[in-house]
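*Asks:* Shown below is the structure under consideration.
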Amino acid sequence: MKTSSIRVSNFMKAIVCFVIAIFVNGSALTAQSFSLFGVSDMLQVFEDGYNLPATQDTVKVFGIRGEVISGQCVLILNCDLSNVTVEVGDLKNQHSSKLMPATNVEWNFVGSIPLTTNAPNQPLSAVSRPAPAMFPDYLMAEKQIDIIKKSHQSIWLTIKIPQAAEAGTYVGRVTVKSLQGEQSIPLKLVIYPFSLPEERHLKIVEWFTTSEFERLHGIKEAYSEAWFSMLGVYADNMVAHRQNTFRVSMSAIDIQRLKNGDLEFDFSLFDKIAMVFWNTGKMDYMETSALSEFGEGSWYSTEILLKDIDVRDAETGEQVSMAGKEVIPSLLPAFEDHLKEKGWLDKTLLHIKDEPSLHNALAYKEISAYIHQYAPNLKRIDALETDFLLEEIDIAIPKIDYLESWYETYRKWQLEGNELWFYTVGIYQGSIFPNKTIDMPLMDSRIMHWLNYKYDASGYLHWGWNRWKDADPYQDPGKHIGDGWHVYPVKEGVLNSLRWEQMRNGIQDYEYFWMLENKTSALKDSLGTQFTWIDPWQRSKEIADKVVMSLAKHTDDPQVLYKAKREVIRELLEFDTFPRVYVQTNPVENSTLTARSTVAVYGWTEPGSKIVVNGQDLPVSAEGLFLEQFTMSPSSNKIIVQVTNGEATKEIVRGFVIR
């Protein structure tokens, strides 16, 4: 593995700046050899200090039980440093003196990757900096390094909040030590009193390969004990980042042609691979590989053909190739029966062909219909580059730019009860969309899953978890500029990237929205027919809209995102507090309106509560219903709902943009 910071080779050179004592009025002052600050975890820290994020004297983070959150420090050097390492102490609850052990906080130095060019199709205004440059991206394995003068070294904190953690504000310290001295910075963690759901409500799949096991992990024999052990390392890393869908190739099914021409299927290897992922206890769905291919192997072909399938001859033991149409009529029914027996049928998603487009759409439809007749109980899923195939697919996955282009078509299809995901390929989509190449803003990897919630897209597919493709990802990321991987190889497994960490954080953010939606849905279900107007998704989406306004427009400010996330937390905490109240407006909050536009207010509160909206008392029905509409103006652009019951009060505010 390569490390990115330039190291000090001469220890005596570093000693020069060890500790300089200056005596003023009899007091000894120590010249600092380096400084330590907190910075946002959603902004990149470049080794040369380029566009250094705003610094803070404390690392401030927050989260809920069961959540894994990120923090970041930056080490700014005034001289060469030797034997640099980090220590994190226990975190103490300021209110109860309970401790969260330091073992819940993992730290890593951040390593950088040389990029000679930026991702294609991206203007310089979109990337985090112009290339050539060193770009921070991976969490280093080294726990002690040397760093040269004037460097800016990022330190990444990964904080796992226990499910049993007591709510409150915890304080500890992060200390950086070197031969030239040490510095500490406070670490402040706020834990809120609820838990991240164990169930995962967003389907996530990152395609992986085992083709690099020999080159990068030293495992020569496929399907050996070492091979399956490494596959388990991969699976554990995936589920730790909340991936819950995995892929197994149909080629893992052993097919034998008997003397009479019948085919016999052995699913043992397929099952053994699948069980590595099922045994994590965190995987919910399994994808298969595709059974068809483009004519002549070219995406530009108008043909999509069934693949030939390798079969073992029972008499000779030789591998022979059979046409797909000779195998599929018996393979797929047997496959369905096997999945049903294993209890996996409803959890398996069948690929037809990846990325069909309009020029081969008719061929795709024909192949999809053919395969479906032999596996009618398996959902068909594919990444699409056209909206013309929705009759022959069950889960459509348009690329993010195509989702915007044909959104109305996809939305209509979705509202008919069909399932919509989206996917990204970093160098083949427009420049205005969030992206995952190394040179894009780190925040892009997080807000991708805010878009999942905003657009009711129940899944996300990405082609590259470890598609290193014979390259050295530490030195030459190739034409995809890192989009082909979210992890970096070491012999013992993989190292996480900052993009992979933020992707997990975004998936957790999705669960926050789901929790608020779920609470609203439960309230609606508990009330009568007068409350059918309650939209369980509205409030979560109003908050998400403050960060992701559309597929192509979003904030680049981490503080805006964290403010919105705290808003979800506040609403979750207040949802069940007395006096209870629910407010919904039409149009939704943050809508742009002309002066004199009308906003309708719908609400529910506990009987006996007093409701005042914009200074006007509103009647409350016996069931708790209140209704009214209000005229907006530039000087009166808010709906302010005040509820009082006894001595308890609560206020809810919804704002609008008035032109």
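*Asks:* Does Ser184 meet the test of being farther than 28 Å from Gly482 by Cβ, of a type in the set (S, T, N, Q) and out of contact with any Asp or Glu (no Cβ under 6 Å at 6 or more places or on another chain)?
*Replies:* yes
*Asks:* Further question: Which count do you get for residues in segment 101-154 that are among the aliphatic types (A, V, I, L, M) and not in a strand (DSSP E or B)?
*Replies:* 9
*Asks:* If you check Asn614 against the conditions, is it surrounded by 16 or more Cβ atoms within 10 Å (Cβ to Cβ) and either at positive phi or aliphatic (A, V, I, L, M) (or both)?
*Replies:* yes
So that you can scan it fast, the table gives a plain yes or no per residue for (1) among the aromatic types (Phe, Trp, Tyr); (2) in a helix (DSSP H, G or I); (3) in contact with a helix residue (DSSP H, G or I) (Cβ under 9 Å, 6 or more places away or on another chain):
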site: Leu495; (1), (2), (3): no, no, no
site: Met503; (1), (2), (3): no, yes, yes
site: Gln508; (1), (2), (3): no, yes, yes
site: Glu511; (1), (2), (3): no, yes, no
site: Trp514; (1), (2), (3): yes, yes, yes
site: Asn518; (1), (2), (3): no, yes, no
site: Leu523; (1), (2), (3): no, yes, yes
site: Gln530; (1), (2), (3): no, yes, no
site: Pro536; (1), (2), (3): no, no, yes
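*Asks:* Phe194: of a type in the set (A, V, I, L, M, F, W, C), touching a helix residue (DSSP H, G or I) at 6+ places or on another chain (Cβ under 9 Å) and part of a strand (DSSP E or B), yes or no?
*Replies:* yes
*Asks:* Every residue in segment 91-100 that is assigned to a loop (DSSP other than H, G, I, E, B) and of a type in the set (D, E, K, R), please.
*Replies:* Lys98
*Asks:* Just to be sure I understand the filter: pairs with C-beta atoms under 6 Å, separated by 6 or more residues or on different chains, first member in segment 417-432 and touching a residue at least 60 places away in the same chain (Cβ under 8 Å), second member assigned to a loop (DSSP other than H, G, I, E, B) and among the hydroxyl-bearing types (Ser, Thr, Tyr). Which pairs pass?
*Replies:* Gly426/Thr437
*Asks:* Could you say which residue among Lys365, Lys436, Lys379 is in contact with a helix residue (DSSP H, G or I) (Cβ under 7 Å, 6 or more places away or on another chain), surrounded by fewer than 19 Cβ atoms within 10 Å (Cβ to Cβ) and of a type in the set (D, E, K, R)?
*Replies:* Lys365
*Asks:* Being at pLDDT below 95 and closer than 22 Å to Leu495 by Cβ is true for just one of Ala126, Ala141, Ala119. Which residue is that?
*Replies:* Result of the check over Ala126, Ala141, Ala119: Ala119.
*Asks:* Sticking with this one: If a residue has to be touching a helix residue (DSSP H, G or I) at 6+ places or on another chain (Cβ under 9 Å), in contact (Cβ under 8 Å) with a residue 12 or more places away in the chain and either within 27 Å of Asp617 (Cα to Cα) or among the acidic types (Asp, Glu) (or both) to count, how many in segment 557-575 make the cut?
*Replies:* Residues that pass the stated criteria total 4.
*Asks:* Show me the strands (runs of 3 or more DSSP E) found entirely inside segment 205-276 where at least 3 residues are in the same structural domain as Trp421 (by TED's automatic domain parsing), under 26 Å from Arg380 (Cβ atoms) and in contact with a strand residue (DSSP E or B) (Cβ under 9 Å, 6 or more places away or on another chain).
*Replies:* Those strands (runs of 3 or more DSSP E) span 245-248, 263-266.
*Asks:* Separate question: Suppose we filter segment 329-352 for residues that are in contact with a Lys or Arg (Cβ under 9 Å, 6 or more places away or on another chain) and more than 25 Å from Ile397 (Cα to Cα); how many remain?
*Replies:* 0
*Asks:* When you go through Lys469, Lys491 one by one, which is the residue that is outside the structural domain of Asp137 (by TED's automatic domain parsing), in contact (Cβ under 8 Å) with a residue 60 or more places away in the chain and not acidic (Asp, Glu)?
*Replies:* Lys491
*Asks:* Continuing with the same structure: Take Ala600 and decide whether it is loosely packed, with under 11 Cβ neighbours inside 10 Å, free of Cβ contacts under 8 Å to residues at least 40 places away in the same chain, hydrophobic (A, V, I, L, M, F, W, C) and assigned by TED's automatic domain parsing to the domain that holds Gln538.
*Replies:* For Ala600, the condition - loosely packed, with under 11 Cβ neighbours inside 10 Å, free of Cβ contacts under 8 Å to residues at least 40 places away in the same chain, hydrophobic (A, V, I, L, M, F, W, C) and assigned by TED's automatic domain parsing to the domain that holds Gln538 - is not met.
Residue-by-condition table, conditions (1) crowded, with 16+ Cβ neighbours inside 10 Å; (2) over 26 Å from Thr424 (Cα atoms):
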site: Val174; (1), (2): yes, yes
site: Ile191; (1), (2): yes, yes
site: Pro197; (1), (2): no, yes
site: His201; (1), (2): yes, no
site: Lys220; (1), (2): no, yes
site: Ala235; (1), (2): yes, no
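*Asks:* Identify, by number, the condition in (1) free of Cβ contacts under 8 Å to residues at least 60 places away in the same chain; (2) within 40 Å of the chain's Cα centre (by Cα); (3) surrounded by 14 or more Cβ atoms within 10 Å (Cβ to Cβ); (4) under 24 Å from Asp576 (Cα atoms) that Val653 doesn't meet.
*Replies:* Of the numbered conditions (1) free of Cβ contacts under 8 Å to residues at least 60 places away in the same chain; (2) within 40 Å of the chain's Cα centre (by Cα); (3) surrounded by 14 or more Cβ atoms within 10 Å (Cβ to Cβ); (4) under 24 Å from Asp576 (Cα atoms), the odd one out for Val653 is (3).
*Asks:* Which residues, taken from segment 47-69, are in contact (Cβ under 8 Å) with a residue 60 or more places away in the chain and either assigned to a loop (DSSP other than H, G, I, E, B) or of a type in the set (S, T, N, Q) (or both)?
*Replies:* Result: Glu47, Asp48, Gly49, Tyr50, Asn51, Leu52, Asp57, Thr58, Gly66, Glu67.
*Asks:* Still on this model: So which strands (runs of 3 or more DSSP E) are wholly in segment 566-653 and hold at least 1 residues that are out of contact with any Leu (no Cβ under 8 Å at 6 or more places or on another chain) and closer than 25 Å to Ser550 by Cα?
*Replies:* Filter on segment 566-653 gives 581-586, 598-605, 638-645.
*Asks:* Also, quick follow-up: Tell me yes or no: at least one residue of segment 449-457 is in a helix (DSSP H, G or I), of a type in the set (Ser, Thr, Tyr), surrounded by fewer than 24 Cβ atoms within 10 Å (Cβ to Cβ) and in the same structural domain as Asn505 (by TED's automatic domain parsing).
*Replies:* No, segment 449-457 contains no residue that is in a helix (DSSP H, G or I), of a type in the set (Ser, Thr, Tyr), surrounded by fewer than 24 Cβ atoms within 10 Å (Cβ to Cβ) and in the same structural domain as Asn505 (by TED's automatic domain parsing).
*Asks:* Which of the following residues is within 18 Å of Gln183 (Cβ to Cβ), of a type outside the set (D, E, K, R) and under 29 Å from the mean Cα position of the chain (by Cα): Leu91, Leu75?
*Replies:* Result: Leu75 is the single residue among Leu91, Leu75 that is within 18 Å of Gln183 (Cβ to Cβ), of a type outside the set (D, E, K, R) and under 29 Å from the mean Cα position of the chain (by Cα).
*Asks:* Kindly indicate which of Gln414, Gln373 is surrounded by fewer than 20 Cβ atoms within 10 Å (Cβ to Cβ), under 29 Å from Arg446 (Cβ atoms) and either at pLDDT below 95 or not charged (D, E, K, R) (or both).
*Replies:* Gln414
*Asks:* Could you tell me how many of the residues in segment 467-497 are under 15 Å from Ala240 (Cβ atoms) and not small (Gly, Ala, Ser)?
*Replies:* Residues flagged as under 15 Å from Ala240 (Cβ atoms) and not small (Gly, Ala, Ser) within segment 467-497 amount to 5.
*Asks:* What are the residues in segment 133-167 that are within 16 Å of Met440 (Cβ to Cβ) and either in the same structural domain as Glu492 (by TED's automatic domain parsing) or not acidic (Asp, Glu) (or both), if any?
*Replies:* Listed by number, the residues that qualify are Ala133, Met134, Phe135, Pro136, Tyr138.
*Asks:* Also, quick follow-up: With Asn78, Asn83 as the choices, which residue is out of contact with any Asp or Glu (no Cβ under 8 Å at 6 or more places or on another chain) and not small (Gly, Ala, Ser)?
*Replies:* Asn78
The values are calculated or read from the model by the stated rules, or taken from the named source; none is laboratory data. Owing to the predicted nature of the structure, the values given are computational and were not obtained by experimental measurement. Methodologically, a virtual Cβ is constructed for each residue, glycine included, from the backbone with ideal geometry; neighbour enumeration extends over all protein chains shown.
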